[in-house]
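To keep things clear, I will list the structure first and then write my remarks on it.
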Amino acid sequence: MHPLVAAGLDRSLQPPYGEGMKVEAARLDFVPRPILELAGALAVPLILAPLPAGAIALVVLARFGLSAAWPTFLLLAGLGFLTALFVAGTGFRDTLGSLRHVEIRSSADPPEVVFRSVRGTERRVRPADVQAVGVIEEVALGASVNTKIVFTLAGFGPLECPDVPGERAVEVAAWLSDRLSPFAVGVRHKAVLKERRVPVENWYPLPRVAALWGVPPESVDDMAARLGVRTGGESVQLYRPDDVYVDGHDLYFRRRAEVEAARAAVLGDDRPPPPWLDAYPDDSAEREATSDLIGIVIACYDQRIRAARDTDDQQHLGQLGARAEECREDREQLAEASPVRAAAITAASTVRVYEAAREVIEVIAARHEKQMAAARREGDRQRHRELRARMAECEEDLKRLAEASPERAAAIIADYTTRL
């Protein structure tokens, strides 16, 4: 089961996907109407260019008359038109160079991933050349505001797609994973907090902060000091929204817990924790077990990287390195993650354990197969029998893997890692 599904998240992609993006068959379409996009990039600056010139010409007309206003208008309109033409040309060029769609042709022979720009140029790569895909969901003030999709390609590096609406990040990540997982391409969904540049005059006043935190107004400053909330304003003290906000997304779980602790300290409140904290049981043992599983997978990837360095397969090295880095990031986040996020990491790590076990068994089996061929050519029958027995052991372990527990799969990984 896909880790995003195991975490209780909907994986279906149904229209609408939000403005600026839609999905057709096995294609993510970022610019569905390129003609309109290009026309807008040209037309908007040119339409707006004469407006400032007209406003200034009216002032000149009222003061100096038509003889002065008309040349002023022509001069300023000309300068504005040239400036708008430059801006329009820059926007037109950027729009032409942007990515129009990504198409995953899994049924083609051979399979390929096609990146097509608005101007019509294409970059075709094999799925094996896609080292990793990142779906980065940016969250601000409790809401998903933006999603970045980044393909890391062998021999090219990161290829960033146009930004898309943030509320469909999980579904997009699952959609990509469904289509790329047969080619062993990892798709990672990651939510990050992004501070919004809110002018100081639009920061939250004291009554609003008191209402959000559920404390009397006189206790707000004490809580703000405990929580490190940034303040500003001249006549009235205002509080930065990014530091105050505690609801609306799973990423705010840790901040909500800090607010609850600060509220209890400020009010001298000895009441039990709020219901939303009681809803999550103590999962420290599960987190520790997941951390141990991830550690075994990391050790396997690191050993495979060391073994692969003797070859010239830089693409394979890049894929292994990307997977190891994902594991390290998950392990670092696990201790501080909310229960929902920790469950998602556990589900993803469980899937990764079985994948790593299968891969390392296949690596050792392929090595034994080559050694058997060499022993056969050399006529070393005893060596051939030993290797055939090891091959049979690999086949049995692959069969057992389907019914094995995650702990048993991790033990298989540890055993086979020593043979690399």
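Here are a few things to note about the model shown:
- Some residue of the stretch 188-204 being under 12 Å from the mean Cα position of the chain (by Cα) and more than 28 Å from R240 (Cβ to Cβ): yes
- Out of E138, E160, one residue alone is surrounded by fewer than 16 Cβ atoms within 10 Å (Cβ to Cβ), farther than 24 Å from R352 by Cα and under 15 Å from the mean Cα position of the chain (by Cα). It is E160.
- A210, sole failed condition from (1) assigned to a strand (DSSP E or B); (2) under 15 Å from D243 (Cβ atoms): (1)
- Applying a threshold of 6 Å to beta carbon distances and a minimum spacing of six or more residues, or different chains, the list of pairs starting in the stretch 352-371 at a residue that is farther than 13 Å from E395 by Cβ and outside the structural domain of G186 (by TED's automatic domain parsing) and ending at one that is surrounded by 20 or more Cβ atoms within 10 Å (Cβ to Cβ) and of a type in the set (S, T, Y) reads V360/Y416.
- Of the residues A343, A374, the single one that is assigned to a helix (DSSP H, G or I), without any contact (Cβ under 8 Å) to a residue 60 or more places away in the chain and more than 29 Å from A154 (Cα to Cα) is A374.
- Restricted to the stretch 101-195, the set of strands (runs of 3 or more DSSP E) holding at least 1 residues that are polar (S, T, N, Q) comprises 112-117, 130-140, 143-153.
The values are calculated or read from the model by the stated rules, or taken from the named source; none is laboratory data. Worth saying up front: this structure is predicted, and the values here are computed from it rather than measured. Counting neighbours? That spans all protein chains shown, and the Cβs are built from the backbone with ideal geometry, glycine included.
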